Amino acid sequence: MTTRTQALTGADVVLPGGVARGGRLLVRDGRIAEAPAAPADRTDGTAATATTAPAPAPGTAELDLTGHWIVPGFVDMHVHGGGGASYTSGDPEEALRAARTHLAHGTTTTMASLVTGDLDDLARSAAALAELVHDGEIAGLHFEGPFINPGRCGAHDPTLLRAPDPAEVRKLLDAARGTTLMVTLAPELDGGLDSVRLLAEHGVIAAVGHTDADYATTRRAVDAGATVATHLFNAMPGLGHRAPGPVAALLEDERVTVELINDGVHLHPAVMELAFRAAGAARVALVTDAMGAAGMGDGRYHLGPLEVDVTEGVARLVEGGAIAGSTLTLDEALRRAVLVDRIPIEQAVRALSGNPARLMGLGERVGSLEAGKDADLVVLDAELRVVAVMRRGAWVHGADRLPGT
């Protein structure tokens, strides 16, 4: 089952405007040809039944997915690896293994995140991964470091950190040949605000993270063009009642989207609820921040040059014990959001797909189930577990588990 015309019927379809019960999607030539109408507002809080679509043309393969969910393919804007592989290595084969691991969990669009390393090594890795961006295997690159605060370095090698000199930031952008979508930096460091301006001028997301910035400095960074909070709450000062710090500045500003790692380790459910309420569903991006152990078992791994032990799914540095990214996949983030945090599924899906797609400049193609967009979608069972994944109209995972196949 690849790019022929397919009608997916009977599922509960999560749309930007709500859930269409018993909806029907028509997929043709790699794109969504027809989508169910968004349900009308209901005063009783229930979702409306989808508007009946015209009957598909003769020869269309019809797949009855009653009892399932259909959601847009997930978009991960912060992920370092998976399947035992890391993006930072710059090895294209490793990068493909990482991307395909997350693809099997519903992530149809991924931004490859590189951790702190020697500047020349990062430039070489970026140049190699740029080819995969041009080939459409990954959506773009994210440099998380080396321009971060040593006092908030987390699982980054402190000996390789440096102030965000705009000339060095530009060196990485040049090496990536137009494929850089985001750079995380600490704006309080020398050159920080100038680097934020540089990134904004080049259409690259400037993200505030691994920072000791105070409230006022964070506000100046947003005014200079920063639009993302890298894993809000983690690797930055906590929210204080006299010194509100970066958390308050990032949550309150309508220009900022906040990343949240919803793995039950990085954030307490009450903090998840606080962030969703403060920012609103339109300004949250659920990310994995996953390292190479995602999709694998416990054991010893690497995150950049540092060794990591994974025990019961929690990744920590061998030296010092700091949390070292996650082993999360976005399907698990969705389940936690809906089943544990009680976030409405359409809001959770927006945070997993629509919001990151918009930030990455891909919202016209991916991130929601609308006619004309790429047919990137995930079929879930009643417990929100992945059954099958479609990318650009082709079933790339789980086709043999679909009903009637």
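The values are calculated or read from the model by the stated rules, or taken from the named source; none is laboratory data. Predicted, not measured: the structure shown is a model, and the values here were computed from it. Virtual Cβ from ideal backbone geometry, glycine too; neighbours counted across all protein chains shown.
Table for the structure above
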| item | result |
| --- | --- |
| When residues of segment 180-202 are limited to those that are part of a helix (DSSP H, G or I) and without any contact (Cβ under 8 Å) to a residue 40 or more places away in the chain, the one nearest to His142 (Cα to Cα) | Leu199 |
| Yes/no for Glu346 being over 29 Å from Gly178 (Cβ atoms), assigned by TED's automatic domain parsing to the domain that holds Gly203 and part of a loop (DSSP other than H, G, I, E, B) | no |
| Among (1) closer than 23 Å to Met111 by Cβ; (2) touching a residue at least 24 places away in the same chain (Cβ under 8 Å); (3) of a type outside the set (A, V, I, L, M), the one test that Asp381 misses | (1) |
| Test: residue in segment 391-400 that is more than 15 Å from the chain's Cα centre (by Cα), in a helix (DSSP H, G or I), among the acidic types (Asp, Glu) and over 28 Å from Gly178 (Cα atoms) | yes |
| Residues that are part of a helix (DSSP H, G or I) and surrounded by 20 or more Cβ atoms within 10 Å (Cβ to Cβ), drawn from segment 349-375 | Val349, Arg350, Ala351, Leu352, Ser353, Gly354, Asn355, Pro356, Ala357, Leu359 |
| Some residue of segment 58-81 being modelled with pLDDT under 95 and polar (S, T, N, Q) | yes |
| Matching residues in segment 124-182 - criterion: being surrounded by 19 or more Cβ atoms within 10 Å (Cβ to Cβ) and either small (Gly, Ala, Ser) or not assigned by TED's automatic domain parsing to the domain that holds Asp212 (or both) | Ser125, Ala126, Ala130, Ala139, Gly140, Gly145, Gly154, Ala155, Ala175, Ala176 |
| The lone exception for Gly320 - which of (1) of a type outside the set (A, V, I, L, M, F, W, C); (2) crowded, with 18+ Cβ neighbours inside 10 Å; (3) modelled with pLDDT under 95 it fails | (2) |
| Elements of type helices (runs of 4 or more DSSP H) in segment 203-319, at least 1 residues being in contact with a helix residue (DSSP H, G or I) (Cβ under 9 Å, 6 or more places away or on another chain) and farther than 18 Å from Leu189 by Cβ | 245-252, 269-279 |
| Members of segment 355-371 that are touching a helix residue (DSSP H, G or I) at 6+ places or on another chain (Cβ under 9 Å), of a type in the set (Gly, Ala, Ser) and in contact (Cβ under 8 Å) with a residue 12 or more places away in the chain | Gly367, Ser368 |
| Number of positions in segment 255-264 that are within 12 Å of Phe233 (Cβ to Cβ) and either of a type in the set (Val, Ile, Thr) or without any contact (Cβ under 8 Å) to a residue 60 or more places away in the chain (or both) | 2 |
| Within segment 323-335, considering residues that are buried (at least 21 other Cβ atoms within 10 Å of the Cβ) and of a type in the set (D, E, K, R), the one farthest from Leu274 (Cα to Cα) | Asp331 |
| Counted residues, segment 7-24 - those being touching a residue at least 60 places away in the same chain (Cβ under 8 Å) and either crowded, with 24+ Cβ neighbours inside 10 Å or assigned to a strand (DSSP E or B) (or both) | 7 |
